[in-house]
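The values are calculated or read from the model by the stated rules, or taken from the named source; none is laboratory data. Everything quoted here is computed from the prediction, not taken from an experiment. Don't worry about glycine lacking a Cβ; one is built from the backbone with ideal geometry, like all the others, and counts go over all protein chains shown. Protein only, heavy atoms only, side chains kept; ligands, DNA and RNA dropped before computing areas. Shrake-Rupley method; radii C 1.70, N 1.55, O 1.52, S 1.80 Å.
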Amino acid sequence: METKKKSVPWKEGKVISICLRDGIYILAQMVKSPYMVFFNLFSEDNSWEGVTLSTDNVLFCHAVTRQWKAHSPIERIKGVEPLSDYELPTRWIHTEGLGHRTREILVDGVKRSVVILGTRLALVERDMVDNSKNNAPCGLYHTVVKETDWPMVENVETMSVEMYPGLNERLYLCSVMGRNVNPELEIYLGRPIPEAYGTYVKILCGDKIPDYC
(Lines give C-alpha, C1' and ligand atoms only; values in the text may rest on other atoms or scores of the structure.)
Protein backbone atom coordinates (compact mmCIF):
# COMPACT_ATOMS: atom_id res chain seq x y z
CA MET A 1 0.00 0.00 0.00
CA GLU A 2 1.29 3.42 -0.90
CA THR A 3 1.91 5.75 2.02
CA LYS A 4 2.39 9.08 0.25
CA LYS A 5 -0.94 10.57 -0.80
CA LYS A 6 -1.30 13.40 -3.28
CA SER A 7 -4.21 15.80 -2.90
CA VAL A 8 -6.69 15.55 -5.78
CA PRO A 9 -9.25 18.41 -5.80
CA TRP A 10 -12.88 17.48 -6.35
CA LYS A 11 -14.29 18.13 -9.80
CA GLU A 12 -17.35 16.53 -11.36
CA GLY A 13 -16.34 14.15 -14.12
CA LYS A 14 -12.79 13.66 -12.84
CA VAL A 15 -11.64 10.04 -13.22
CA ILE A 16 -9.35 8.67 -10.51
CA SER A 17 -7.75 5.41 -9.50
CA ILE A 18 -7.61 4.19 -5.91
CA CYS A 19 -4.83 1.94 -4.65
CA LEU A 20 -6.33 -0.84 -2.55
CA ARG A 21 -4.47 -3.40 -0.48
CA ASP A 22 -2.38 -6.09 -2.19
CA GLY A 23 -1.49 -3.57 -4.90
CA ILE A 24 -4.90 -3.63 -6.59
CA TYR A 25 -6.19 -0.47 -8.28
CA ILE A 26 -9.79 0.45 -9.07
CA LEU A 27 -11.26 3.16 -11.28
CA ALA A 28 -13.77 5.68 -9.94
CA GLN A 29 -15.31 8.96 -11.03
CA MET A 30 -16.26 12.05 -9.06
CA VAL A 31 -19.85 13.11 -9.66
CA LYS A 32 -21.96 15.55 -7.62
CA SER A 33 -20.02 16.12 -4.37
CA PRO A 34 -19.78 14.10 -2.17
CA TYR A 35 -20.83 11.21 -4.45
CA MET A 36 -18.38 8.91 -6.17
CA VAL A 37 -19.09 6.23 -8.79
CA PHE A 38 -16.97 3.08 -8.54
CA PHE A 39 -16.42 0.77 -11.50
CA ASN A 40 -15.89 -2.96 -11.79
CA LEU A 41 -12.52 -2.21 -13.40
CA PHE A 42 -9.35 -3.31 -11.62
CA SER A 43 -5.65 -3.31 -12.45
CA GLU A 44 -2.45 -4.58 -10.84
CA ASP A 45 -0.27 -1.86 -12.40
CA ASN A 46 -2.61 1.17 -12.59
CA SER A 47 -2.59 0.93 -16.39
CA TRP A 48 -5.92 1.83 -18.06
CA GLU A 49 -5.09 2.02 -21.75
CA GLY A 50 -8.10 1.16 -23.90
CA VAL A 51 -10.53 1.24 -20.96
CA THR A 52 -13.98 2.73 -21.59
CA LEU A 53 -16.31 3.66 -18.76
CA SER A 54 -19.95 2.66 -19.13
CA THR A 55 -23.02 2.18 -16.97
CA ASP A 56 -22.62 -1.56 -17.53
CA ASN A 57 -19.46 -1.66 -15.41
CA VAL A 58 -20.67 0.52 -12.53
CA LEU A 59 -20.33 -1.25 -9.18
CA PHE A 60 -22.14 1.34 -7.07
CA CYS A 61 -22.41 5.03 -6.23
CA HIS A 62 -21.91 6.27 -2.69
CA ALA A 63 -21.17 9.45 -0.76
CA VAL A 64 -17.67 9.74 0.73
CA THR A 65 -16.26 11.85 3.53
CA ARG A 66 -13.36 14.28 3.33
CA GLN A 67 -11.59 11.89 5.69
CA TRP A 68 -11.87 9.13 3.08
CA LYS A 69 -10.51 11.36 0.33
CA ALA A 70 -7.65 12.60 2.52
CA HIS A 71 -6.49 9.14 3.59
CA SER A 72 -7.05 7.11 0.43
CA PRO A 73 -4.17 6.73 -2.06
CA ILE A 74 -5.87 8.26 -5.12
CA GLU A 75 -4.50 9.50 -8.41
CA ARG A 76 -6.08 11.42 -11.27
CA ILE A 77 -6.31 9.40 -14.49
CA LYS A 78 -6.21 11.63 -17.57
CA GLY A 79 -6.28 8.98 -20.29
CA VAL A 80 -9.79 7.69 -19.58
CA GLU A 81 -12.88 9.58 -20.75
CA PRO A 82 -15.42 10.16 -17.95
CA LEU A 83 -18.89 8.64 -18.04
CA SER A 84 -20.89 11.62 -19.28
CA ASP A 85 -24.46 10.36 -18.99
CA TYR A 86 -24.39 9.00 -15.45
CA GLU A 87 -27.36 9.91 -13.25
CA LEU A 88 -27.33 9.56 -9.48
CA PRO A 89 -29.58 6.80 -8.14
CA THR A 90 -32.96 7.82 -6.75
CA ARG A 91 -33.58 4.75 -4.61
CA TRP A 92 -31.68 4.45 -1.35
CA ILE A 93 -31.82 2.60 1.95
CA HIS A 94 -32.49 4.87 4.91
CA THR A 95 -31.57 3.92 8.48
CA GLU A 96 -34.37 4.83 10.85
CA GLY A 97 -34.93 4.77 14.59
CA LEU A 98 -32.77 5.78 17.53
CA GLY A 99 -30.52 3.44 19.46
CA HIS A 100 -28.34 0.58 18.39
CA ARG A 101 -27.87 -3.16 18.64
CA THR A 102 -24.97 -5.57 18.27
CA ARG A 103 -24.36 -8.64 16.17
CA GLU A 104 -21.77 -11.30 16.93
CA ILE A 105 -19.72 -12.47 13.95
CA LEU A 106 -17.08 -15.21 14.04
CA VAL A 107 -13.70 -13.98 12.72
CA ASP A 108 -10.60 -16.19 12.89
CA GLY A 109 -12.37 -18.40 15.39
CA VAL A 110 -13.20 -15.47 17.71
CA LYS A 111 -16.64 -13.90 18.19
CA ARG A 112 -16.57 -10.18 17.42
CA SER A 113 -19.37 -7.79 18.39
CA VAL A 114 -20.34 -5.34 15.65
CA VAL A 115 -22.38 -2.28 16.67
CA ILE A 116 -25.29 -1.58 14.32
CA LEU A 117 -26.81 1.91 14.47
CA GLY A 118 -30.53 2.40 14.04
CA THR A 119 -33.42 0.02 14.60
CA ARG A 120 -34.77 -0.53 11.08
CA LEU A 121 -34.11 0.05 7.39
CA ALA A 122 -36.50 1.59 4.88
CA LEU A 123 -36.35 1.68 1.09
CA VAL A 124 -36.81 5.32 0.10
CA GLU A 125 -36.76 7.54 -2.94
CA ARG A 126 -34.79 10.78 -3.00
CA ASP A 127 -33.42 13.09 -5.69
CA MET A 128 -29.81 13.69 -4.61
CA VAL A 129 -29.40 16.50 -7.16
CA ASP A 130 -32.20 18.54 -5.55
CA ASN A 131 -30.80 20.52 -2.62
CA SER A 132 -34.14 22.02 -1.54
CA LYS A 133 -35.26 21.73 2.07
CA ASN A 134 -38.41 19.90 0.98
CA ASN A 135 -36.42 17.08 -0.62
CA ALA A 136 -36.89 14.61 2.23
CA PRO A 137 -36.66 10.84 1.68
CA CYS A 138 -40.01 9.53 0.46
CA GLY A 139 -40.94 6.07 1.65
CA LEU A 140 -41.70 3.51 -1.04
CA TYR A 141 -42.69 0.68 1.28
CA HIS A 142 -44.25 0.73 4.72
CA THR A 143 -42.69 -2.56 5.78
CA VAL A 144 -39.26 -2.82 7.31
CA VAL A 145 -36.55 -4.13 4.98
CA LYS A 146 -35.70 -7.65 6.13
CA GLU A 147 -33.22 -10.33 5.10
CA THR A 148 -35.87 -11.90 2.87
CA ASP A 149 -35.91 -8.65 0.86
CA TRP A 150 -32.26 -9.12 -0.18
CA PRO A 151 -33.02 -9.74 -3.90
CA MET A 152 -34.83 -6.39 -3.96
CA VAL A 153 -32.19 -4.33 -2.14
CA GLU A 154 -28.82 -6.02 -2.79
CA ASN A 155 -27.86 -3.33 -5.32
CA VAL A 156 -29.36 -0.40 -3.42
CA GLU A 157 -26.95 1.76 -1.41
CA THR A 158 -27.49 3.12 2.08
CA MET A 159 -27.59 6.88 2.62
CA SER A 160 -24.52 6.72 4.86
CA VAL A 161 -21.32 8.60 4.04
CA GLU A 162 -18.39 6.22 3.68
CA MET A 163 -15.07 6.56 5.51
CA TYR A 164 -11.54 5.20 5.22
CA PRO A 165 -10.67 2.35 5.45
CA GLY A 166 -14.09 0.66 5.48
CA LEU A 167 -14.95 1.72 1.93
CA ASN A 168 -11.50 0.70 0.69
CA GLU A 169 -11.90 -2.79 2.12
CA ARG A 170 -15.33 -3.08 0.52
CA LEU A 171 -13.79 -2.16 -2.85
CA TYR A 172 -11.06 -4.73 -2.28
CA LEU A 173 -13.73 -7.36 -1.63
CA CYS A 174 -15.44 -6.34 -4.88
CA SER A 175 -12.16 -7.05 -6.69
CA VAL A 176 -11.90 -10.46 -5.03
CA MET A 177 -15.53 -11.40 -5.73
CA GLY A 178 -15.62 -9.84 -9.21
CA ARG A 179 -18.91 -8.11 -8.43
CA ASN A 180 -20.54 -5.57 -6.15
CA VAL A 181 -20.63 -6.64 -2.51
CA ASN A 182 -22.08 -4.66 0.38
CA PRO A 183 -20.82 -6.08 3.70
CA GLU A 184 -22.43 -3.31 5.77
CA LEU A 185 -25.91 -4.12 4.46
CA GLU A 186 -25.38 -7.86 4.71
CA ILE A 187 -24.33 -7.50 8.35
CA TYR A 188 -27.30 -5.25 9.13
CA LEU A 189 -29.81 -7.66 7.59
CA GLY A 190 -28.38 -10.66 9.42
CA ARG A 191 -27.18 -12.49 6.33
CA PRO A 192 -24.45 -15.17 6.61
CA ILE A 193 -21.04 -13.48 6.59
CA PRO A 194 -18.27 -15.11 4.51
CA GLU A 195 -14.80 -15.57 5.99
CA ALA A 196 -13.49 -13.17 3.33
CA TYR A 197 -15.25 -10.33 5.19
CA GLY A 198 -13.02 -10.84 8.25
CA THR A 199 -10.89 -7.72 7.73
CA TYR A 200 -13.99 -5.62 7.10
CA VAL A 201 -15.52 -6.83 10.37
CA LYS A 202 -12.28 -6.02 12.21
CA ILE A 203 -12.40 -2.48 10.79
CA LEU A 204 -15.97 -2.07 12.07
CA CYS A 205 -14.74 -3.21 15.49
CA GLY A 206 -12.04 -0.54 15.49
CA ASP A 207 -9.03 -2.80 14.92
CA LYS A 208 -5.93 -1.27 13.38
CA ILE A 209 -5.23 -3.07 10.12
CA PRO A 210 -1.56 -2.95 8.97
CA ASP A 211 -2.57 -2.51 5.32
CA TYR A 212 -4.46 0.64 6.24
CA CYS A 213 -2.13 2.22 8.81
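Taking the stretch 44-70 as the range and being surrounded by fewer than 16 Cβ atoms within 10 Å (Cβ to Cβ) and either small (Gly, Ala, Ser) or assigned to a strand (DSSP E or B) (or both) as the test, the residues that pass are SER47, GLY50, SER54, ALA70.
Of the listed requirements (1) under 25 Å from GLU157 (Cα atoms); (2) touching a Leu at 6+ places or on another chain (Cβ under 7 Å); (3) without any contact (Cβ under 8 Å) to a residue 40 or more places away in the chain, TRP48 misses just one: (1).
Within the stretch 115-130, restricting attention to residues that are under 29 Å from GLY206 (Cβ atoms) and not in a strand (DSSP E or B), which residue is modelled with the lowest pLDDT? Once the filter is applied, the top-ranked residue is THR119. If only residues of the stretch 171-200 that are farther than 22 Å from THR102 by Cβ and polar (S, T, N, Q) are counted, the one that is surrounded by the fewest Cβ atoms within 10 Å (Cβ to Cβ) is ASN180. Residues of the stretch 71-88 that are open to solvent by less than 40 Å² (accessible area, probe 1.4 Å) and in a loop (DSSP other than H, G, I, E, B): SER72, PRO73, ILE77, VAL80, LEU83, LEU88. Residues of the stretch 182-202 that are out of contact with any strand residue (DSSP E or B) (no Cβ under 9 Å at 6 or more places or on another chain) and more than 12 Å from VAL107 (Cα to Cα): PRO183, GLU186, ARG191, PRO192. The set of residues from the stretch 201-213 being in contact (Cβ under 8 Å) with a residue 40 or more places away in the chain, outside any loop (DSSP other than H, G, I, E, B) and open to solvent by less than 30 Å² (accessible area, probe 1.4 Å) comprises VAL201, TYR212.
Residues are listed down the side, and each one gets a yes or a no for (1) modelled with pLDDT of 95 or more; (2) assigned to a loop (DSSP other than H, G, I, E, B); (3) out of contact with any strand residue (DSSP E or B) (no Cβ under 7 Å at 6 or more places or on another chain); (4) of a type in the set (A, V, I, L, M, F, W, C):
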{"position": "ARG103", "(1), (2), (3), (4)": "yes, no, no, no"}
{"position": "SER113", "(1), (2), (3), (4)": "yes, no, no, no"}
{"position": "ASN134", "(1), (2), (3), (4)": "no, yes, yes, no"}
{"position": "VAL145", "(1), (2), (3), (4)": "no, yes, no, yes"}
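Residue count for the stretch 89-101 satisfying the condition of being surrounded by 11 or more Cβ atoms within 10 Å (Cβ to Cβ) and touching a Ser or Thr at 6+ places or on another chain (Cβ under 8 Å): 7. LYS14 meets all of the listed conditions (1) touching a helix residue (DSSP H, G or I) at 6+ places or on another chain (Cβ under 6 Å); (2) within 20 Å of VAL161 (Cα to Cα) but one, namely (1).
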